[in-house]
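I have placed the structure first, in the form of structure tokens, so that the comments after it can refer back to it.
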Amino acid sequence: MMSEPRIAIIIPAYNEAQTVAETMKAFHAVCPTAALYVVDNNSQDATADIAAETLQRLGATGRVLREWRQGKGNAVRRAFLEVDADVYVLTDADMTYPAEQLPELLAPVLEGKADMVCGDRRSHGDYSRENTRPFHGVGNRLVQYLVNVTSGTQLVDIMTGYRVLSRLFVRCYPIVVEGFQIETDMTLFAAQARMRIVEIPVRYVNRPEGSFSKLNTFRDGARVLRTIFTVFNHCNPLAFSMLVAFFLAVGSILAGSVVITEWLTTSYITHVPLAVLAVALGLLSATFLGTGILLNSMSYQRKLDLERVIQRTAWELQKRPDAGETP
């Protein structure tokens, strides 16, 4: 008989002494057999001590992990390196996500219907009502549009921190980002790797009074957009290069039209710098186009390599003996 799936609830925490205990209690009450892992991300308060005391008081399995490098991406990476489970739950330590909806999010992964389940905060309008930072809403919509265009998906909440991940996803996903852009990077990877993504609407409430967000609208927004730019260039370099080549070609035509018109009218060229600019832009356009074609071939080879990794990992997991405990 198959043993019960091992579920690990991973809670990255940075200066969350006020809310981490209640978050742990809520998730333990809903899923008492799951192991709780709080990743203390170099907190300056008593977050780690409170988490350790709460684990002991609840009698829950798991432990407090330490990650000294700042950033949510680093904290999640530490958990993925040290925790062995069949299903991984990611949530925040600020009591913004509903623990009682965890069974809904677990079901598609446990039933083998999804590799990543995202808790959608936006469909019911909770995030819009609770979010007190308007630029975050605008940034989320922009990121949603760019990610959907880039990856060919139709996702609603790209940046949710409430996710359930399969063992296959965790074993194949390389974490190369360090901060809050981890959610965007996860989504882009899942789309590129053709993982099965399911979104389930969840309730969302703002942080309790006295608890402070670590997000910075402009800094974190710039990081996310930089991640999208990088992945877009890596995943679809031909489209990216064609877009840049198009704008360079338009600039070359606009600059060259003045020079050509002057030459046809007077048989002289007095706008020599403009002529040089037109030629330079034209050469750059052709260079970008040629580079895009070359990088597209390399991107296709990377996709083949990724598919081999996913298939090999899936076969290895299927042959894994269904025994053992989470370290």
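General observations
- Computed lengthening from Leu284 to Gln301, 0.36 nm per intervening residue step minus Cα-Cα distance: 3.5 nm
- Heavy-atom accessible area per residue - the range 237-327, 1.4 Å, Å²: 70
- Of the accessible area of the range 40-98, computed with a 1.4 Å probe over protein heavy atoms only, carbon and sulfur atoms account for 48 percent.
- Scanning residues 5 or more positions from Val39 or on other chains, those with amide H under 5 Å from its amide H are Ile11, Ala13, Leu65, with H placed 1.01 Å from N in the peptide plane.
- Inter-label distance, Glu316 to Thr261: 6.4 nm, where each label sits 7 Å from its Cα along the C-beta direction.
- Put Glu178, Glu67 in order of accessible area, highest first, and with a 1.4 Å probe you get Glu178, Glu67.
- Nearest-0.05 FRET efficiency for Ile293 and Ile253, computed from C-beta distance (R0 25 Å): 0.70
- Size descriptors for the range 1-130: radius of gyration and Dmax over Cα atoms are 14.6, 47 Å.
- Heavy atoms of Arg141 accessible to a 1.4 Å probe, total area in Å² rounded to 10: 120
- Exposure check, 1.4 Å probe, all protein chains in place: Lys72 carries approximately 20 Å² of accessible surface.
- Heavy-atom surface of the range 28-67, accessible at 1.4 Å and reported per residue (Å²): 45
- Computed from label points 7 Å out along Cα-Cβ, the spacing between Leu142 and Trp68 is 3.6 nm.
The values are calculated or read from the model by the stated rules, or taken from the named source; none is laboratory data. What you are looking at is a predicted structure, and each value in this text was computed from that prediction instead of being measured. Because the Cβ atoms are built from the backbone with ideal geometry, glycine has one as well, and the counts that use them run over all protein chains shown. Keep in mind that these areas ignore ligands, DNA and RNA; they rest on the heavy atoms of the full protein, side chains included. Shrake-Rupley method; radii C 1.70, N 1.55, O 1.52, S 1.80 Å.
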